[in-house]
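Q: Here you go, one structure.
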Amino acid sequence: MTWHELFEDVLKGVPEYKRFFTVDELDARAIDLARRRPETVTLMDLGSSRAGRPIRALKIGSGKKAALMFGCPHPNEPIGAMMLDYFSERLAADQDLQRELDYTWYIVKCIDPDGTQLNEGWFAGPFNIETYVRNFYRPPGFQQVEWTFPIDYKTLHFSRPLPETRCLMKVIDSEKPAFLYSLHNAGFGGAYWYITHAVPELHGELHRIARRHGIPLSLGEPEVPYCTKFDEAIYGLFGIKDTYDYYEKHADKDPASLISGGAGSDEYAHAVAGTFALVCELPYYYDPRIEDTSPTDRSRRDTVLESLDASEKAWGYIRETYAKVRPLLQDAASPFAIAIEDNLKHIPAALEAERKWATTSEDLLRPATGAEAFDSLVVRKFYNQLSVGMMWRLCREELARSSDPERSRALSDIERELDEKLSRECSTLEAELNYRVVPIRDLVRVQLASGLLFARHILGGDAV
């Protein structure tokens, strides 16, 4: 079987998933794989999460180079966990694949089990905006595994890696991976990628893979204003140093005060081992307008500033409402409370910096494309609802433990207001969007194909 035939056969074998696996299922399946394939698979105990859940890696093969792949770097991003579950099964059983991809593979299906379990309410559907928003959780920066690697840069000094982060550091430090694949995904939009450096011969292949599986490219606004664009929907990986420099230019405060966490996994691995890193961002939902490159009758600056106005209004509401919730909390250490408070500390300042960038950058004077306008004026509304959803969950959590009638009444009033707001805003988005749900199998195939392309490229072989 040629590499091209093997590549296609691996993609063809991805199952038709109906839901995302839970943390317990992912862990049980890893244990079972190691039991069934002891000749090629070793189950490694890397450590434990902050809540004491085990974090394990599957070591598969014995190739010349090391590769590290990990899922759920943010706990609302389970696509990669599904890809790693399939890939580990296929890799363990397929000697041709092991031979063609001459790596020793270290695979961590879920690096943030605590946070991922808080997202499991939407893993089985129904797959719509409101179900996602009402069951969403994302930790603050200083509790994100991806962004808590040690860093010393100018006034920024971060030396508090999470236990989960230390699990990854253990593998990076000891194995010096040539290839690192952090399995992220977006919520809404299109496909886009981050890579350590441009690889022009593979850019078109990435585009082809996404479109082949019915996923549009994300041609709207980039995730951050300061990333380097290599090609359509393909960017250079940005790190905490880039974020710092951006704030140093556009914010009126010490940049370190605006940064909650530390360095990213790719920054750390590149410093330790010169590692090439890949991120493939994919959406659960998309609207075809995310690929509209035709010019609109508004400038890009106008659409960005309008989106900032809407975001500032949204965060003003969150601040006012949380001010009512905070005195009623019995558990100020709730993960939802910690996330909301950290967001309130950092996001408004980030919006101020973005406004300064938008009002001074000449790049924003040209007409906005349809995709850019759609990204700014519609997609951003979706993301603004996520913290409202976490606050609603916080109120429900507090109501469940409350035994004080007066406190319960106050919480119930706020919970009802948030509930109505979520229903109203999600209904408005449903009407404003013409979105489609991407099948999990197609998401897995695109992330897997992207990883196979770069893993093969690093070995010096034909990518396809």
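Just so it is clear, none of the values below were taken in a lab; they were calculated from the coordinates. Note that the structure is predicted; figures quoted are calculated from it, not measured. Virtual Cβ from ideal backbone geometry, glycine too; neighbours counted across all protein chains shown.
Q: Considering the zone a paramagnetic label at ARG298 would reach in this model (a point 7 Å from Cα along the Cα-to-Cβ line), which residues of segment 357-391 have amide N under 13 Å from it?
A: 367-381
Q: Just to be sure I understand the model, the point goes 7 Å from the Cα along the line to the Cβ. What's the resulting ASN128 to ALA28 distance in nm?
A: 3.0
Q: Tabulate in residue order the Karplus-calculated ³J(HN,Hα) for segment 198-210, using 6.51 cos²θ - 1.76 cosθ + 1.60 with θ = phi - 60°, rounded to whole Hz; enter x for Gly and Pro.
A: Rounded to whole hertz, the list is 5, 10, x, 5, 9, 4, x, 5, 4, 4, 4, 4, 4.
Q: Further question on the same structure: Mind pulling up the Rg/Rh value for segment 293-434? Radius of gyration and Kirkwood radius, both on Cα.
A: Rg divided by Rh gives 1.07.
Q: Could you check the simple spin-label distance between LYS249 and LYS356, using points 7 Å along Cα→Cβ, in nm with one decimal?
A: For the pair LYS249/LYS356, the computed spacing is 1.2 nm.
Q: Working out 0.36 nm times the residue gap between ASP404 and THR42, then minus their Cα-Cα distance, what length gain in nm do you get to one decimal?
A: 125.1 nm
Q: Pop a pseudo-label 7 angstrom from the Cα along the beta-carbon direction at both VAL437 and GLU306 and give the gap in nm to one decimal.
A: So the label points at VAL437 and GLU306 sit 3.1 nm apart.
Q: In cubic angstrom, how much convex hull volume per residue do the alpha carbon atoms of the chain span?
A: 138
Q: Another question, then. Between the alpha-carbon centers of segment 1-33 and segment 235-301, tell me the distance in whole angstrom.
A: Measuring centre to centre over Cα atoms gives 29 Å.
Q: Okay, next question. Which of ARG326, ARG355 has the fewest other C-beta atoms within 10 Å, and how do the rest follow up to the most?
A: Ranked by crowding around the Cβ, least crowded first: ARG326, ARG355.
Q: Another question, if that's okay. Report the full-extension gain for the segment ASP152 to GLU417: residue separation times 0.36 nm, less the Cα-Cα distance, to one decimal in nm.
A: My answer for the length gained is 91.0 nm.
Q: Sorting PHE136, PHE127 on the 10 Å Cβ count, fewest up front, what's the list?
A: Fewest to most other Cβ atoms nearby, the residues stand as PHE127, PHE136.
Q: I've got another one for you. What whole number of Å gives the distance from the Cα centroid of segment 134-165 to the Cα centroid of segment 418-456?
A: What the calculation gives is 25 Å, centre to centre.
Q: Once both axes come from the Cα atoms, what is the angle between helix 300-325 and the longest principal axis of the chain, in degrees from 0 to 90, rounded to 10?
A: 70
Q: Could you tell me the ratio Rg/Rh of segment 324-386? Both radii from Cα atoms, Rh via Kirkwood.
A: Taking Rg over the Kirkwood Rh, I get 1.14.
Q: Here's something else I'd like to know. Can you put SER159, SER88 in order, fewest other beta carbons within 10 Å first?
A: The order, fewest Cβ neighbours first, is SER159, SER88.
Q: Using a Förster radius of 25 Å, what is the FRET efficiency between THR228 and LEU365 based on their Cβ-Cβ separation? Nearest 0.05, please.
A: E(calc), rounded to 0.05, equals 0.80.
Q: Can you check how the C-alpha radius of gyration of segment 70-225 compares to 2.2 N^0.38 Å, as a plain ratio?
A: Dividing the Cα Rg of segment 70-225 by 2.2 N^0.38 Å gives 1.16.
Q: Which percent, nearest 5, of DSSP beta bridges in the chain are antiparallel?
A: The antiparallel proportion sits near 55 percent.
Q: Moving on. For segment 358-464, what value does the Rg/Rh ratio take when both radii are computed over Cα atoms and Rh is the Kirkwood radius, given to two decimals?
A: Checking Rg against Rh, the ratio lands at 1.20.
Q: Considering amide H positions built from the backbone, and no H for Pro or chain starts, which residues 5 or more places from ALA191, or on another chain, come under 5 Å of its amide H?
A: LEU217, SER218
Q: At 0.36 nm per residue, and after removing the present C-alpha to C-alpha distance, how many nm does the segment from SER159 to ALA256 gain when stretched out fully?
A: Length difference between fully extended and current span is 33.6 nm.
Q: Using only C-alpha atoms and all pairs of different ones, pull out the Kirkwood radius for segment 237-324 in Å with one decimal.
A: 17.2
Q: Continuing with the same structure: Between the helical axis of 3-12 and the dominant principal axis of the chain, each derived from Cα atoms, what acute angle in degrees is found, rounded to the nearest 10?
A: Between the helix axis and the principal axis of the chain, the angle is about 50 degrees.
Q: For the chain, what is the mean residue ellipticity at 222 nm derived from helices alone (per DSSP H run of n ≥ 4: -39500 (n - 2.57); sum divided by total residues; nearest 500 deg cm²/dmol)?
A: Only helices count here, giving -16000 deg cm²/dmol.
Q: Follow-up question, since we're still on this one. Going by alpha carbons, how many degrees (0 to 90, nearest 10) lie between the helix axis of 79-93 and the longest principal axis of the chain?
A: Compared with the principal axis, the helix lies near 10 degrees.
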